[in-house]
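The values are calculated or read from the model by the stated rules, or taken from the named source; none is laboratory data. Here the structure is a predicted model, which means the values were calculated and not measured. Quick reminder, even Gly has a Cβ in these numbers, built from the backbone with ideal geometry, and neighbours come from all protein chains shown. Just so you know, the surface numbers come from the protein's heavy atoms only, side chains and all, with ligands and any DNA or RNA stripped out. Shrake-Rupley method; radii C 1.70, N 1.55, O 1.52, S 1.80 Å.
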Amino acid sequence: MIQINDLATYDSVTRRDLSREELHSLVESFPALLWRIEIIRSRIEYLNRSMIAGLNEKTTLFLKSAEIRKNVVFKEDAILLDSFMEAVKRGKNAQTIVRIHGTGQETAWLKLVGWMPSKDVRYYMGYLMDVTDRIEVLKGMIERETEMQLMIELSDMPVVLVDLDTKMVLSQNAAALQLFMYSPDEFRGLRISDLFHHGMASVMHSLYEEILFARKWRGKALFERKAKSVFSAEASVLSLLFKDRRILRIALSNIEAASPVDSLAALSPATEPQNDLRAQRESELLKALEGQTELPAILETLFDCQLPHGSFDAILFSDIQAKKNRVFVYSFGEPFASMTQGEMYAYEGTIAQDIERFKLDSLIVDDTIDSIKSIDWALFIPKGIRSYFAKPFYQRGVLKAVMILCSLRPNAFHSDGMAEYAILFEPFRRAIQAWRTAHQARRAPRNA
């Protein structure tokens, strides 16, 4: 006889493979909109036709368009949704619940869940579900904040509390005072950057990004005492809400003496085109660009060099200023004729950010309509651009420029055409460098 306790494990449950028809029926009848994202291309596809009552015909656009999300989601919940979308971009498991303004004046509650399948890292899976009828139960889960986490001061580990908005130290325990060698009064006059070693700027940037969507961060970093001696430690950082104040709780463990080592990433130069015809086209283009320092003329010359098997309808130059969270876009081509030259966009959500995050040599988007990148919906789709090819350019290991070839047709660019696109790479790099040099020279007299 089988005992009830024998059925307590998942392996004891009878399972069988589903037929294609059964699987299709299961997916279609699932009470939520199922979707998956091809990560490298930021391309979304829907696996069923479920419609969310509060969104109706805009259901499939909700995950694609930042503008639609901005219009329907409660302003107070925008940070929750932004955090979820950031987790999606990073391929992190995530879930959240947000309120939206329904088609009438009613409030609807949506649950978003996303995860990375362990057996296929090319895709990110998720679903969008209307949970309005269960909100009373979920509300208690969402609003619960644990004040007790702030009060764990009996720990032997050094603990520091920092105001997330001002970045100023609020409090610390005795172990932190002993470790950093500051007095209590001195400590409360410090900023979080005074505790981290000055070479940890990128680590701190990563910390703030992670805190934004996950509310926690853990990693190894270098820190600096009052006497300027350096040590390494594992930092566990939690973002907490205490009396309407956002606070970081930083706890340090595995503390070791250390000496900082600076390292610079070396970039391998691009391989010269081997085909004689391509080399000739590149040489002619370099000659045509010689002496040009004005962007309109540079982009027009590059645009006129249409590729034999890869014609394009417009060319863009993105001037990247990642540290300032800014990207300035310049263009040539009919689709962008009405666009202001040097139009500014936030670095977050741009092509450049995807290239940096995934360390891509280039990026091809087959169809912008399937994209979830905010820049595609803000810049490309309104201009009728359906596909594009993007190539990054670096200076001393820092991404400074992106060249983007745009087409009004979907699937206009292919990875096997890379050697042909490469005709433009070196001429573009040299021309942009000449523009920067001339631009800086023109600014110098004004600053003198």
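Across the stretch 279-296, what is the total count of residues that are under 22 Å from residue 442 (Cβ atoms) and crowded, with 16+ Cβ neighbours inside 10 Å?
Within the stretch 279-296, residues that are under 22 Å from residue 442 (Cβ atoms) and crowded, with 16+ Cβ neighbours inside 10 Å number 4.
One line per residue, one yes/no per condition, for (1) open to solvent by less than 60 Å² (accessible area, probe 1.4 Å); (2) at pLDDT 85 or above; (3) of a type outside the set (A, V, I, L, M, F, W, C); (4) in contact with a Leu (Cβ under 7 Å, 6 or more places away or on another chain):
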position: 24; (1), (2), (3), (4): no, no, yes, no
position: 33; (1), (2), (3), (4): yes, yes, no, yes
position: 36; (1), (2), (3), (4): no, yes, yes, yes
position: 40; (1), (2), (3), (4): no, no, no, no
position: 45; (1), (2), (3), (4): yes, yes, yes, no
position: 64; (1), (2), (3), (4): yes, yes, yes, no
position: 67; (1), (2), (3), (4): no, yes, yes, no
position: 73; (1), (2), (3), (4): yes, yes, no, yes
position: 85; (1), (2), (3), (4): yes, yes, no, no
query: Which residue pairs have Cβ atoms closer than 6 Å, lie 6 or more positions apart in sequence or on different chains, and pair a first residue in the stretch 274-285 that is within 17 Å of residue 428 (Cβ to Cβ) with a second residue that is at pLDDT 75 or above?
result: 278/423; 281/423; 282/423; 285/305; 285/427
message: Out of everything in the stretch 329-349 that is of a type in the set (Phe, Trp, Tyr) and open to solvent by 30 Å² or more (accessible area, probe 1.4 Å), what residue ends up being farthest from residue 316 (Cα to Cα)?
response: 345
- prompt: out of contact with any strand residue (DSSP E or B) (no Cβ under 6 Å at 6 or more places or on another chain) and among the aliphatic types (A, V, I, L, M) - does that describe any residue in the stretch 399-414?
  reply: yes
statement: By residue number, the members of the stretch 40-84 that are in contact (Cβ under 8 Å) with a residue 40 or more places away in the chain, in a helix (DSSP H, G or I) and among the charged types (D, E, K, R) are 67, 82
- request: Tell me the helices (runs of 4 or more DSSP H) entirely within the stretch 171-262 that contain at least 3 residues that are open to solvent by less than 30 Å² (accessible area, probe 1.4 Å) and within 30 Å of residue 112 (Cβ to Cβ).
  value: 201-214
- request: Residues being under 21 Å from residue 407 (Cα atoms), in a helix (DSSP H, G or I) and at pLDDT below 90: count how many of those fall in the stretch 307-348.
  value: 0
- line: Listed by first then second residue, the pairs whose first member lies in the stretch 220-231 and is closer than 12 Å to residue 195 by Cβ, whose partner is hydroxyl-bearing (Ser, Thr, Tyr), with beta carbons under 8 Å and at least 6 positions apart or on separate chains, are 221/232; 222/232; 223/232; 226/182; 230/259
field: Hey, residue 81 surrounded by fewer than 19 Cβ atoms within 10 Å (Cβ to Cβ) and of a type in the set (A, V, I, L, M) or not
entry: no
- prompt: List, please: which pairs have Cβ atoms under 7 Å, are six or more places apart or on different chains, and start with a residue in the stretch 379-400 that is within 14 Å of residue 42 (Cβ to Cβ) and end with one that is part of a loop (DSSP other than H, G, I, E, B) and hydroxyl-bearing (Ser, Thr, Tyr)?
  reply: 390/362
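Between 142, 152, 135, which is touching a Phe, Trp or Tyr at 6+ places or on another chain (Cβ under 6 Å), more than 28 Å from residue 358 (Cα to Cα) and either modelled with pLDDT under 85 or polar (S, T, N, Q) (or both)?
Numbers: 142 fails: touching a Phe, Trp or Tyr at 6+ places or on another chain (Cβ under 6 Å); 152 fails: touching a Phe, Trp or Tyr at 6+ places or on another chain (Cβ under 6 Å).
On inspection, the qualifying residue turns out to be 135.
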task: Pick out, from the stretch 350-448, the strands (runs of 3 or more DSSP E) lying fully within it that include 1 or more residues that are under 30 Å from residue 202 (Cα atoms) and open to solvent by 60 Å² or more (accessible area, probe 1.4 Å).
output: 387-395, 398-407
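I need the full set of residues from the stretch 102-127 which are open to solvent by 80 Å² or more (accessible area, probe 1.4 Å), free of Cβ contacts under 8 Å to residues at least 40 places away in the same chain and not small (Gly, Ala, Ser), in order please.
105, 115, 119
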message: Looking at the stretch 159-170 only, could you name the residues that are crowded, with 16+ Cβ neighbours inside 10 Å and either closer than 9 Å to residue 250 by Cβ or out of contact with any strand residue (DSSP E or B) (no Cβ under 7 Å at 6 or more places or on another chain) (or both)?
response: 159, 160, 161, 162
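Within the stretch 305-312, is even one residue of a type in the set (S, T, N, Q) and within 24 Å of the chain's Cα centre (by Cα)?
no
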